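Reading through the structure tokens given below for one structure.
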Amino acid sequence: MFKTIEWKENRVIILDQTRLPEEEVYRTFDDYRDVAQAIKKLIIRGAPAIGVAAAMGAALGALHIDTTDPQVFLSRWNEICREIADARPTAANLFWALERMNKLYQQNIDRGIPFVKEALKKEALRIYREDIEINRRIGKEGSVLVKDGDTILTHCNAGALATAGYGTALGVIRAAWEEGKQVEVFVDETRPFLQGARLTTWELMKDNIPVTLITDNMAGHFMKEGRINLVVVGADRIAANGDTANKIGTYTLAVLTKENRIPFYIAAPTSTIDLDCPSGDKIAIEERSSREIIEINGRLIAPEGVKTAYPAFDVTPYRYITGIITEKGVATPPYHKTLPELFDGRAPPKH
Ligand code: MRU
């Protein structure tokens with residue numbers, strides 16, 4: 001089995017997702033700036049995986065701060081966190097992970113720089129291990145919603161490649177499959193970066209889970225034909241009212257499910273829920289380069305110089321969402337009540 005990201009001998013190893021499915025290339029990073037660039041360039045992508053990469057990148061940066069002066073250490077540490085935070089704006093998990101690392105820094109800095117460096121490294125590894133465990137729990141919570149014989153549509157990649165392992169939306173599918181349910185997965189290709197075509201099919205085929213690749217504009221047709229029973233996707237940020245940002249095209253799917261009376265579920269860890277964000281219109285949507293639209297594999301598919309628009313995510317209003325599957329249970333409407341309950345009285349994560 002492949003590893004999306006790994007910490008080895010004080011280096012970060014990342015499976016280069018821009019090279020899949022042609023080549024399984026692992027890249028080794030020993031400079032946090034390169035980890036930030038890897039996040040920016042989608043070498044590693046998917047909200048939980050970005051969170052893990054951010055934590056490991058920050059730990060890597062801290063290890064290399066060469067000073068015995070706590071003031072100098074603090075200003076370098078802040079710089080590292082800022083640079084990593086700037087890599088991508090939408091995924092809540094990036095900011096959640098950095099917040100968690102920063103909290104640990106503050107709790108331990110009085111114990112000296114060598115101690116804090118070690119503690120930051122351990123925290124990054126904890127975030128990594130916890131993510132796999134959380135995804136397995138999401139899988140268990142969600143698999144009860146999957147019936148034997150279901151055909152499930154998913155969008156983008158919310159699998160092992162988008163997390164430390166196992167996946168969120170694909171975690172639900174994997175768990176159902178492991179329980180012996182005969183499921184089939186329809187995967188949207190997910191233009192323009194083709195996460196569905198390149199990554200989700202690749203992962204599911206490795207697990208021998210039946211998969212059918214379709215282009216994005218076919219989803220409505222298959223829903224109308226009665227071929228899809230369930231839609232499960234991941235999330236990049238979930239606002240307090242349940243509005244959910246996910247890969248561009250998710251909103252279109254959600255609207256289609258309503259028209260065709262198909263359940264539409266989000267699967268995400270609670271670290272993706274941003275209770276400080278009241279509604280979807282407050283979520284920052286990343287705009288990416290037009291090159292990703294006008295080129296495929298370096299080859300022009302539209303005239304050079306054509307004007308493009310490229311929001312990398314869209315927001316699905318809460319009213320289209322049947323339920324939000326988390327490691328702490330499935331939240332159902334009204335989300336402004338049920339999402340805070342997932343944190344059962346404890347402070348929700350800060351982003
Ligand atoms: O631009 P990407 O590939 O990082 O976008 C990823 C998605 O939109 C995923 O669906 C989301 O991050 C959930 S991953 C478990």
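Normalising the Debye intensity of the chain to I(0), with uniform scatterers on Cα atoms only, and taking log10 at q = 0.07, 0.12, 0.14, 0.15 Å⁻¹ returns -0.28, -0.83, -1.12, -1.27.
Over 19 Å apart at the Cα level, from the set LYS8/LYS121; LYS3/LYS206; LYS103/LYS328; LYS247/LYS282; LYS8/LYS117, are LYS103/LYS328. The listed peptides 10-20, 41-51, 299-309, ordered by packing as a protection proxy, come out as 41-51, 10-20, 299-309 (highest mean of other Cβ atoms within 10 Å first). From the P(r) of region 141-341, could you give the percentage of C-alpha pairs in the tail past 31 Å? When every Cα pair of region 141-341 is considered, 15 percent fall beyond 31 Å.
Counting 0.36 nm for each residue step from ARG111 to ASP281 and taking away their Cα separation leaves a gain of 57.0 nm. Computed over all pairs of different Cα atoms, the Kirkwood value for the hydrodynamic radius of region 5-136 is 14.7 Å. Farthest towards the positive end of the charge dipole of the chain, among the residues THR68, ILE266, GLY196, is the Cα of ILE266, using unit charges on the Cβ of Lys, Arg, Asp and Glu. Going Cα to Cα from LYS181, which aspartates and glutamates come in below 12 Å? Please leave out same-chain ones fewer than 8 positions away. Hits, sequence-local ones excluded: ASP148, ASP150. Based on alpha-carbon atoms, the Kirkwood radius and the radius of gyration of region 251-322 give Rg/Rh equal to 1.08.
Helical runs (DSSP H, four residues minimum) scored at -39500 (n - 2.57) apiece and divided by the length of the chain put the mean residue ellipticity at 222 nm at -12000 deg cm²/dmol. Can you bin region 239-286 into rounded, prolate or oblate? Criterion: square roots of the alpha carbon gyration tensor eigenvalues sorted a ≥ b ≥ c, rounded for a/c under 1.5, prolate for a/b above b/c, oblate for the rest. Prolate is the answer for region 239-286, as a/c is 1.5 or above and a/b outweighs b/c.
Taken about its Cα centre, the chain carries a charge dipole of roughly 320 debye when the Cβ of each Lys and Arg holds +1 and the Cβ of each Asp and Glu holds -1.
For the peptides 122-135, 201-214, residues were scored by their other Cβ atoms within 10 Å and the scores averaged per peptide; the highest-first order is 122-135, 201-214. What Kirkwood hydrodynamic radius do you get for region 140-248 when you take the inverse of the mean 1/r over all pairs of distinct Cα atoms, in Å? Result for region 140-248 stands at 13.9 Å.
Here, each number is a calculation from the coordinates, and none is a lab measurement. Values in this document were obtained by computation on a predicted structure and should not be read as measured data. So basically every Cβ, Gly included, is an ideal-geometry build from the backbone, and we count neighbours across all protein chains shown.
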